[in-house]
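Comments concern the structure below.
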Amino acid sequence: LFFLSCAEFKEKAITHIKTLIQNFLMQVKRFALQELDQLKNEFDQIITELKKVPETPEELAAMKKYLERVFDTVKNRNKKMQSANDRFAFLEEYQFEVTNEEFQYRYQIRQMPQKITVMMEETERTLSVERIRMIRELRRNQTKLETESVSLNETVASFTSKFTDLEMTVEAVDQVNEINTKLLQLKAEQEKFNQHEKLFEFEQVTCKPLSK
């Protein structure tokens, strides 16, 4: 009777240990899949951002900084990837079941760093093209600004010689307001263009007619 009890105890102990091992391996698998999910979310977000094409110098500068952040965090993603791989290797060593879907999912995530690298290279080329386009647009806008500023100076000169009679005060006030509105607009454009020059790391140029 005692022998049977020992045998039964041994069998229960083995079953209990197997259950503990299974639960532990299941936890290892859960952690590995969680790391893959985190990587997928991060990769998906990076891909979404890299697909964007900047339309303004501000967006171009922001995209350049984003590329730097992606590059600087490569080691963190590699570390997380290695951790997931180590967990799956541990599961394989104990022949713990991994479904075909989970295997394909893991394979998909492992391919994404290379995809990101290719996309980053493409994005850098796109940014170079967009930078040239924006610089040309900036120069055209600056030329237009100078032309409009010269025209405004001529309007002011004409105004000074025209409105000398007090009876024309009402008309003069209206035109003064128009001139002031246009002047503020041109100065706002000048400030914006200077900001763009700063983003392009150019020396900031002041429109001479506006500085008078």
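Tell me, what is the 1.4 Å probe accessible area of Thr126, in Å² to the nearest 10?
Roughly 50 Å² of Thr126 is accessible to a 1.4 Å probe.
Calculated FRET efficiency, Gln45 and Lys79, Cβ-Cβ r, R0 25 Å, to nearest 0.05?
With R0 = 25 Å, the Cβ-Cβ based efficiency is 0.90.
Once label points are set 7 Å from the Cα along Cα→Cβ at both His16 and Val53, what is their separation, rounded to one decimal in nm?
A separation of 6.8 nm, rounded to one decimal place.
At a 1.4 Å probe radius, which order do Val70, Val173 fall into by accessible area, largest first?
Values: Val70 5, Val173 75 Å².
Final ranking, largest accessible area leading: Val173, Val70.
List residues of segment 90-129, by number, whose backbone nitrogen lies under 15 Å from a label position 7 Å along Cα→C-beta of Phe202.
none
Restricted to Cα positions, what overall size does the chain have along the principal axes? Three whole-Å values, descending.
Between the extreme Cα coordinates on each principal axis of the chain lie 129, 35, 25 Å.
Expressed in nm to one decimal, what extension gain is obtained for the pair Thr155 and Asn141 from 0.36 nm per residue of sequence separation less their Cα-Cα distance?
3.0 nm
How many nm is it between the label spots at Lys65 and Glu101, if each spot is 7 Å from the Cα in line with the beta carbon?
4.1 nm
Taking the Cα centre of segment 30-130 as origin and charging only Cβ (+1 Lys, Arg; -1 Asp, Glu), how large is the dipole, in debye to the nearest 20?
200 debye
Expressed in nm to one decimal, what extension gain is obtained for the pair Glu121 and Ala89 from 0.36 nm per residue of sequence separation less their Cα-Cα distance?
8.3 nm
Quick one: length gained pulling Val129 to Asp72 fully straight, 0.36 nm per residue minus the C-alpha distance?
18.2 nm
Roughly to the nearest percent, how much of the accessible area of the chain is carbon and sulfur, given a 1.4 Å probe?
About 54 percent, which is the carbon plus sulfur part of the accessible surface.
Can you tell me the dipole magnitude for the chain around its Cα centre, using point charges on the Cβ only (Lys, Arg +1; Asp, Glu -1), in Debye to the nearest 20?
Values: 33 positive and 36 negative charges, 187 e Å.
Dipole magnitude for the chain comes out near 900 debye.
The values are calculated or read from the model by the stated rules, or taken from the named source; none is laboratory data. Here the structure is a predicted model, which is why all the values come from computation and not from measurement. Every residue, glycine as well, gets a Cβ built from its backbone with ideal geometry; the counts of neighbours run over all protein chains shown. Just the protein is used for accessible areas: all its heavy atoms, side chains included, with ligands, DNA and RNA removed. Shrake-Rupley method; radii C 1.70, N 1.55, O 1.52, S 1.80 Å.
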